[in-house]
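K.L.:
Here's a structure for you.
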Amino acid sequence: MNYCKVFLKPKKEESLLRFHPWVFSGAIQSIEGKPEEGDLVEVYGQNQRFLAVGHYQIGSIAVRILSFKPATVNTDFWTERIRIAYTLRKSLRLAGTENNNTYRLIHGEGDNLPGLVIDMYAHTAVMQAHSVGMHYARHQIAEALKTVLGDTLQNIYYKSEATLPFKANLDSEDGYLYGGEVEDIALEHGLKFCVDWQKGQKTGFFVDQRENRSLLEHYSKDRSVLNMFCYTGGFSFYAMRGGAKVVHSVDSSAKAISLTKKNVELNFPGDTRHDAYAEDAFKYLEKMGSNYDLIILDPPAFAKHKNVLRNALQGYRKLNAIAFEKIKPGGILFTFSCSQVVSKENFRLAVFSAAAQSGRSVRILHQLTQPADHPVNIYHPEGEYLKGLVLYVE
Ligand code: SAH
């Protein structure tokens, strides 16, 4: 295969030699050929030293690396990568088990496939491209998925309208690349979820909170639970299974609330311990009483870019301050941030200053992160995005 060649400036090959999977545009000295956005290119350092193969992009990240060895990127290539990822999920006992069929199969850089996300819901793969290169490769990737997953795969839904670079003007349409039988009930640790990958947020479900929901289950017995920013209600069912006294789920989206109610019915038909409210978080928190002794705060990313970091940190502080103020003595707070640009340290600081503002005695019980099916490539620490604290409030 003849790929265009990208040559780096002197001293700019360091990060690739340390296997960081991105080439920034400022590191490029010259390009041989005229690659278009999404084309495969080879990257070279000084003295024609081969460094990597990747997808070319127009923007600050100019190349996303697929391989640090010479490689022909074709269906066989994708098959091998997906097989490695699938083997890992099987060894984690997330795939091919009786009580769980919801997991992330491909987590971008974490699976050495920058720009690609694939979530599995029972027999459906939901594929999301974040780069033009992955968009072009979608049919080859679909073939590879079929080869690796065999009979367990019945549908592939492609959902990239919202994630592809806007300027690329690709007219990408969401839809099925394979199958189309909408069987939308998936299992997570034995609990049933109705997943709406066509209209729902992200790929339809927040797979990344699985282990944290499971931990919550063990704290739920006889507690009054508030699941703030509940979306499909994930934390609520774990709390119910864990023996909570009451569970209230809140989200500003009416659609999320109806999904939550539907999911409660699926798992606990007729159970009167649960109620759900479509309301703004701050409004609800301000007017609620002090009856909850287990509160979950799992807001959407407050900061999507570095330049709004300050406001985001203030948002986290404000939100957590109300929870500290209102939670019952002896209460437990599960608090999260999924903003990639908010570091663990910054998030902690925001939560600490909220605690100080309340004057309550607060202890950290657990420090949470993303689960093993969202692995962090050790050479790409930016991939660590989910942060959580479990706090005991006296
Ligand atoms: N905890 C969920 C995921 C939360 S995603 C889970 O385990 O699956 C964030 C949710 O916050 C979204 O459903 C969104 O509708 C909701 N949201 C965003 N802004 C909000 C606000 N101001 N008040 C309440 N909910 C809000």
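Values quoted throughout were computed directly from the atomic coordinates according to the rules given, and no laboratory measurement underlies them. Keep in mind the model is a prediction, meaning the values are calculated, not measured. Positions of Cβ are generated from backbone atoms using ideal geometry, with glycine treated the same way; all protein chains shown enter the neighbour counts.
K.L.:
What is the chain's relative contact order, in percent, from Cα pairs under 8 angstrom and six or more apart in sequence?
P.N.:
Here the relative contact order equals 11 percent.
K.L.:
Continuing with the same structure: Take the Cα atoms of the stretch 4-67, build their convex hull, and give its volume per residue in Å³. Could you put the intermediate results ahead of the total?
P.N.:
Values: hull volume 4.3 nm³, N = 64.
Value for the stretch 4-67: 67 Å³ per residue.
K.L.:
To make sure I understand the rule: partners must be aspartates and glutamates, Cα under 15 Å from the Cα of Lys9, and not fewer than 8 residues away in the same chain. Which ones qualify?
P.N.:
Leaving aside aspartates and glutamates fewer than 8 places away in the same chain, those within reach of Lys9 are Glu32, Glu42.
K.L.:
Residue by residue through the stretch 24-36, which ³J(HN,Hα) values in whole Hz follow from phi under the Karplus form 6.51 cos²θ - 1.76 cosθ + 1.60 (θ = phi - 60°), with glycine and proline marked x?
P.N.:
Using θ = phi - 60°, the values come out as 7, 4, x, 8, 8, 8, 7, 10, 9, x, 10, x, 9 Hz.
K.L.:
Same structure, new question: Would you work out the relative contact order for the stretch 20-170, in percent, from Cα pairs under 8 angstrom that are 6 or more residues apart?
P.N.:
19
K.L.:
Show the residues, 5+ positions off or on another chain, whose built amide H is closer than 5 Å to the amide H of Leu386.
P.N.:
Excluding prolines and chain starts, which carry no amide H, the hits are Gln370.
K.L.:
For Ala276, which sequence-distant residues (separation of 5 or more, or a different chain) have an amide H within less than 5 Å of its own amide H, given hydrogens modelled in the peptide plane?
P.N.:
The list, which skips near neighbours in sequence, is Ser249.
K.L.:
List the lysines whose Cα sits under 18 Å from the Cα of Lys202, skipping any in the same chain fewer than 8 residues away.
P.N.:
Lys159, Lys255, Lys304
K.L.:
Using alpha-carbon pairs under 8 Å, 6+ residues apart, how would you state the relative contact order of the stretch 4-67 in percent?
P.N.:
About 38 percent, as a whole number.
K.L.:
What is the distance in Å between the Cα centres of the stretch 306-326 and the stretch 220-297?
P.N.:
Each part reduced to its Cα centre gives a spacing of 21 Å.
K.L.:
What is the Cα radius of gyration of the chain over 2.2 N^0.38 Å, N being its residue count?
P.N.:
The chain yields a ratio of 1.05.
K.L.:
Residue by residue through the stretch 92-104, which ³J(HN,Hα) values in whole Hz follow from phi under the Karplus form 6.51 cos²θ - 1.76 cosθ + 1.60 (θ = phi - 60°), with glycine and proline marked x?
P.N.:
Running phi through 6.51 cos²θ - 1.76 cosθ + 1.60 with θ = phi - 60° gives 7, 6, 9, 10, x, 10, 6, 10, 8, 9, 10, 6, 8 Hz.
K.L.:
Let me ask something additional. Suppose only helical runs count, i.e. DSSP H with n ≥ 4. What mean residue ellipticity at 222 nm does that imply for the chain under -39500 (n - 2.57) per run, divided by all residues and rounded to the nearest 500 deg cm²/dmol?
P.N.:
Using -39500 (n - 2.57) per qualifying helix, the result is -8500 deg cm²/dmol.
K.L.:
Relative to the longest principal axis of the C-alpha atoms of the chain, give the angle of the C-alpha long axis of helix 138-149, reported between 0 and 90° and rounded to the nearest 10°.
P.N.:
70
K.L.:
Taking the Cα centroid of the stretch 60-133 and of the stretch 349-394, what is the distance between the two, rounded to the nearest whole Å?
P.N.:
With the stretch 60-133 and the stretch 349-394 each reduced to a Cα centre, they are spaced 27 Å.
K.L.:
Could you grab the Rg to Rh ratio for the stretch 75-189? Cα atoms only, Kirkwood for Rh.
P.N.:
0.95
K.L.:
Starting from the amide H of Leu105, placed 1.01 Å from N in the peptide plane, find each other amide H under 5 Å away whose residue is 5 or more places distant or on another chain.
P.N.:
Those lying under 5 Å, H to H, from Leu105 are Ile118, Asp119, Met120.
K.L.:
Another one. How big is the stretch 203-265 on each of its three principal axes, counting only the C-alpha atoms and giving the largest first in Å?
P.N.:
Reported extents, whole Å, longest axis first: 29, 22, 19.
K.L.:
Sorted by packing (mean other beta-carbon atoms within 10 Å per residue), highest first, where do 76-85, 188-197, 243-252 land?
P.N.:
Descending packing order for the listed peptides: 243-252, 188-197, 76-85.
K.L.:
How are the Cα pair distances of the stretch 206-393 distributed, in percent, across 10 Å bins from 0?
P.N.:
10, 38, 38, 13, 1
K.L.:
Mind checking which lysines have their Cα closer than 16 Å to the Cα of Lys287? Skip sequence neighbours fewer than 8 apart in that chain.
P.N.:
Of all the lysines, those that pass the test against Lys287 - Cα under 16 Å, at least 8 places apart if same chain - are Lys318, Lys326, Lys328.
K.L.:
Just to confirm the number: angle between the C-alpha axis of helix 344-358 and the first principal axis of the chain, 0 to 90 degrees, nearest 10?
P.N.:
20
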